[in-house]
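Below is one structure, written out as structure tokens, with a few remarks after it.
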2 protein chains.
Amino acid sequence: MTKKQLIMEKALELFAKQGFEATSVQQITDHCGISKGAFYLSFKSKDELIVALIDHFMRQFNADIDFVVSEGKKEDLLYNFYYTTFHSFSKHSDFAKLLMKEPTQSFNEELFSKLHNYNKSLENVILSMIERLYGEQSKDLKYDLSYCIKGFMSTYSELFLVYKLPIDLDLLVRSLVEKTNLLAKNMTISFIPDELIQMLDQPLNKEPSLEQIIETVSKNIEDMEDSIEKESLMLLKQELLEPALHPAIIKGLLANIQHHPHCKWPAYLLRKHFGK
Amino acid sequence: MTKKQLIMEKALELFAKQGFEATSVQQITDHCGISKGAFYLSFKSKDELIVALIDHFMRQFNADIDFVVSEGKKEDLLYNFYYTTFHSFSKHSDFAKLLMKEPTQSFNEELFSKLHNYNKSLENVILSMIERLYGEQSKDLKYDLSYCIKGFMSTYSELFLVYKLPIDLDLLVRSLVEKTNLLAKNMTISFIPDELIQMLDQPLNKEPSLEQIIETVSKNIEDMEDSIEKESLMLLKQELLEPALHPAIIKGLLANIQHHPHCKWPAYLLRKHFGK
DNA sequence: TTGACAATTGACCGGCTAGTCATTAGTATA
DNA sequence: TATACTAATGACTAGCCGGTCAATTGTCAA
């Protein structure tokens, strides 16, 4: 594990307990067993640390969800979506807590727009799921439905994040699937119209450029140990620079990296880019 | 306006913008146009200020909701509940933002249990509403239903609290009433059983004693300007010490203070105590 | 006008903060 | 072993924090 990863891991524990503002760099370095100077070899500032944390987990989370929603049978879609969501929340509960603690209008502008963009990205995934599930029927109600889903996600996660209750994940998910289907099939009053959503979208949410994808992939490769996954990622990077491989090979390479814990974000970007 | 109220008002503006930790006493006093020393004449510490803020607004909010839910016709109940909730949120949007910003596991232990208790109190109001509305039918599903309602409240309030969108309150409330009724009448899978709720309740939520009510009322009287409301409250306090008045008179006095902005909490306590 | 008292101030305290950098420790090569 | 390099340290700075309190100002009855 690199020093950077160590710091992120230990800092996250403290942030989840005390919040970002209330946690000092000194506390973090003490908790890591390193000196204060060493911290600033890995991160330019305390702000850069929290940005890195949020990027790391949100990319992974979004990528996970996106994968689940784009694959699989229609009848399992909703179940898999909720399951993956809550599974992710409980697996990375420290991060989920941090995210609940440092919410809207966060301290610095960059972070706020970052969180906003990840939120938008999640919303898009949910919307595409809704369209796949309910099609035309949900046209006017899709935003309301996505807000309900987000509401379920946040209130029910409180049970195990804040109160640390042991939960039956399967039952929870089945109960939410039922609620969601009930709403989708019987709702008639639409509150959130297209225009309202467009008002939130003024600050554009642009697609990442080819250069950005290459940069992301390159950085990722540097941080990886030698492995099949690293080889696959390097070949895919080559393919970004000079397309040459057969689609089937690309698909195989993507499959290779899909489940590697440190490849979720590049895998997501590459899958989008290659149109798989 | 007393100095205390000035500080609370101005501090709340800053807390909503920057959060509690990130706002210094110096900033607050500058914003008020007073000296730092003057702050400590009104509050023993910065912590005491946030406790006072939370008490002030949560008491008022809970009292408002409780009143709406205990009065009125059954068919308007749900509508009035949501309407009052969102009306309160938008009227006191700074406080609502603060509440979203400083959530679970808050800095000091006292504050956390305070928030927890207010949350429980709100939940009880919602539960009693559910029972009145759906009766036996909702027996196993009442906790799930209350969680859904809380979910709707938090996600939909984001629209105007964070994104400051102009909203059609009536339409919003009607759409939520529809959703709630749909779930109440068609849900079958119960996820949150009694036992789970009992696990959260270990730290008892005791009823306030007569002494506590008298103390609260007395303090409230001190802070009030001379008025019919103050007279009414003083008579009710006398009634607490030595019961003498006719029930009809008590009911009238309660009605007098019900809508005075600084009497919400004592009115709530007194209504409970006198069983109206 | 005086004197007694309450309200208000802001310089000050010890302690903690984010961030820096000269110094030292560790390591790999020649 | 000597050299050249990087990795890591922690004392240090400047500044802000919550909180205190002696000194000042304002108020009002005598």
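Between B:E215 and B:S90, what FRET efficiency follows from the Cβ-Cβ distance if R0 is 22 Å, with the result rounded to 0.05? Efficiency, rounded to the nearest 0.05: 0.10. Panel order for A:S93, B:S209, A:S154, by other beta carbons found within 10 Å of each beta carbon, from fewest to most: B:S209, A:S93, A:S154.
Averaged over the residues of peptide A:150-159, the number of Cβ atoms from other protein chains lying within 10 Å of each residue's Cβ is 6.
Residue by residue through B:171-181, how many Cβ atoms from other chains fall within 10 Å of the Cβ on average?
Average per residue, whole number: 4.
Summarising the label geometry, the points placed 7 Å from Cα in the beta-carbon direction at A:A248 and A:N117 lie 3.8 nm from one another. When Rg and the Kirkwood radius Rh are both evaluated on Cα atoms of the stretch B:3-43, their ratio Rg/Rh stands at 0.92. A straight chain from A:Q238 to A:D76 at 0.36 nm per residue would run longer than the Cα-Cα distance by 54.8 nm. Here are some pairs, A:K74/A:K179; A:K10/B:K114; B:K230/B:K251; A:K10/A:K150; B:K46/B:K164; A:K179/B:K139; which of them have Cα atoms lying more than 19 Å apart in this structure? Cα-Cα > 19 Å for A:K10/B:K114; A:K10/A:K150; B:K46/B:K164; rest within.
Comparing Cα centroids, the stretch A:8-54 and the stretch A:121-189 end up 34 angstrom apart. In a fully extended conformation the segment linking A:E225 and A:A38 would gain 65.1 nm over its present Cα-Cα distance, using 0.36 nm per residue. The percentage of C-alpha pairs in the protein assembly as shown whose separation is greater than 47 Å is 19%. The modelled label-to-label distance between A:E9 and B:D30, using points 7 Å beyond Cα along the C-beta direction, is 4.2 nm. Helix content alone sets the calculated 222 nm mean residue ellipticity of the protein assembly as shown: runs of n ≥ 4 DSSP H residues at -39500 (n - 2.57) each, divided across all residues, give -24000 deg cm²/dmol. Peptide B:11-20 has a mean shielding of 2, counted as Cβ atoms of other protein chains within 10 Å of each residue's Cβ. Each Lys and Arg Cβ is given +1 and each Asp and Glu Cβ -1; about its Cα centre, the stretch B:1-89 then shows a dipole of about 360 debye.
Values in this text are rule-based calculations from the coordinates and carry no lab data. Keep in mind the model is a prediction, meaning the values are calculated, not measured. Quick reminder, even Gly has a Cβ in these numbers, built from the backbone with ideal geometry, and neighbours come from all protein chains shown.
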